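The structure appears right after this line, and notes come after that.
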Amino acid sequence: MAHTVYCPTKLIFSDDAASDLVRELAALGPGPLLVVTDAGILSTGILDRLLPALAAGGRPVKVFSDVPGNPGVTTVTAALAQARAARVGVLVAVGGGSAIDVAKAVGVLLTHAGVTWEDLQAGRAALKRPGVPLIAIPTTAGTGSEVSHVAVIGATDGFKKGVLHTALFPAVAIVDGGLALSLPPKLTAATGMDAFVHAIEATLGRRANPSMDLLALGALRAIVRALPAAVADGANLAARRAMAQAAAWAGMAMDQAGLGLCHALCGPLSAHHDVHHGLGNAVLLPAVLAFNTGAISPERWPALRHALRLPADASPDALPDWSHSFISAIGLPTTLRGLGLDGSTFGAIAAEATRMAMIGNNVRPAGEAECLAVLQAAL
Ligand SMILES: [Fe+2]
């Protein structure tokens, strides 16, 4: 099938993020540098380890560390004000998808005076030129934001609205699994499941294509081995590196081939209940797969079955139970009730899910009634 692959991000699979950072910063234009990160990264000491590299070129270095788990436009506004005041020439995002997405937003707003993030979310303005160059350094193996051209920021009404534009691709991504060594097991599991869902939605989706299948199936193959190992022993560097690599592959696959019903439901779920993005996707996945299995074509199933290491005689009907067991084995809850939900918001979540762009890429068409049924099944 005809398809285009476009990922202009320089993707560095690194054994030493600090030394790669020194070289990449030296290659970028002049100007002060703003680090966009969160308080959790400050407390882990990861930023302290990178600070000598950030300052090595003699640039003034400022730090914005107020990125919350589910950032909204107020976070973008605050980070942008600091970036403008410092007249930054380079952005460095250190953290998970939230920090990277806020940095992407700041990068393009810096070069579009008079445009706000709300303008872009509402389609009232368009991006016309590249942003300030961004080096993305993920500290979790999950979101894939380091290789994507989308930034997902909560709008003023709480709706998690993604803005898509090629100007949002980071200039450089430095992927070093060693930065995730201190990530606790629960966050390792939740972020890893985000990567898993990116890969499986990309390979099952309507825009799936042979090029992205290489990445998506390779990511799934790696994740089913490495994620349980990284959760069981956070200091397992080989598992951390395998997960970091797989998350970037899954991120490229998601970015180029699209997502599906799980992410369409997870956006409003996170907005209503402040649920961690990866955790929400993990809890929803078995019910989404149960909805989708009948639509998986017989031609596509063997490659997916093989990537997941399912027995030769397994059919797509095995997917929901298999995913339930996998998620349970890495210590995550498997019901929405386990996240504290009682179903009272399901109507609103189902209605909002139908507004999410990725729902149109799901392998089986889903309207509001189907979304509601999947949520009830996941309760
Ligand atoms: Fe995701």
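Since every read-out is calculated from the coordinates, none of them should be taken as a lab result. Please read all numbers here as calculations on a predicted model, not as lab measurements. When we count neighbours, we look across all protein chains shown, and the Cβ atoms used for this are built from the backbone with ideal geometry, even at glycine.
One table, with the values for the structure above:
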| read-out | value |
| --- | --- |
| Computed lengthening from residue 274 to residue 48, 0.36 nm per intervening residue step minus Cα-Cα distance | 78.5 nm |
| Two-decimal ratio, the chain, of alpha-carbon radius of gyration to 2.2 N^0.38 Å | 0.94 |
| For residue 11, distant residues with modelled amide H under 5 Å away | 173 |
| Exposure proxy ranking, count of Cβ atoms within 10 Å, fewest first, for 262, 7, 371 | 7, 371, 262 |
| Fewest-first ranking of 87, 221, 241, using other Cβ atoms within 10 Å as the exposure measure | 87, 221, 241 |
| Set of the stretch 32-71 residues, backbone N closer than 16 Å to the point 7 Å along the Cα-Cβ line of residue 81 | 63-68 |
| Mean projection area, nm², convex hull over Cα of the stretch 10-179 | 8.6 |
| Rh by Kirkwood over Cα pairs, then Stokes-Einstein D for the stretch 237-350 at 1.306 mPa s and 10 °C, µm²/s | 101 |
| Helix-derived mean residue ellipticity, 222 nm - over the chain, DSSP H n ≥ 4, -39500 (n - 2.57), to 500 | -16000 deg cm²/dmol |
| Note, ³J(HN,Hα) from phi for the stretch 368-379, Karplus 6.51, -1.76, 1.60, rounded to Hz, x at Gly and Pro | 4, 5, 5, 4, 4, 5, 5, 4, 4, 5, 8, 5 |
| Radius of gyration, Dmax [the stretch 120-279; alpha carbons; angstrom] | 15.6, 48 |
| Whole-Hz couplings from phi, Karplus 6.51/-1.76/1.60, listed for the stretch 309-314; x for Gly and Pro | 6, 7, x, 4, 8, 6 |
| Span per principal axis, largest first, for the Cα atoms of the stretch 185-378 (Å) | 43, 37, 30 |
| Beta bridges by DSSP in the chain, antiparallel share as percent, to the nearest 5 | 20 |
| Residue order, fewest to most surrounding Cβ atoms within 10 angstrom, among 117, 301 | 301, 117 |
| Computed magnitude of the charge dipole of the stretch 10-179 (debye, nearest 20; Cβ of K, R +1, Cβ of D, E -1) | 580 |
| Between the stretch 173-237 and the stretch 88-141, the Cα center-to-center distance that results, in Å | 24 |
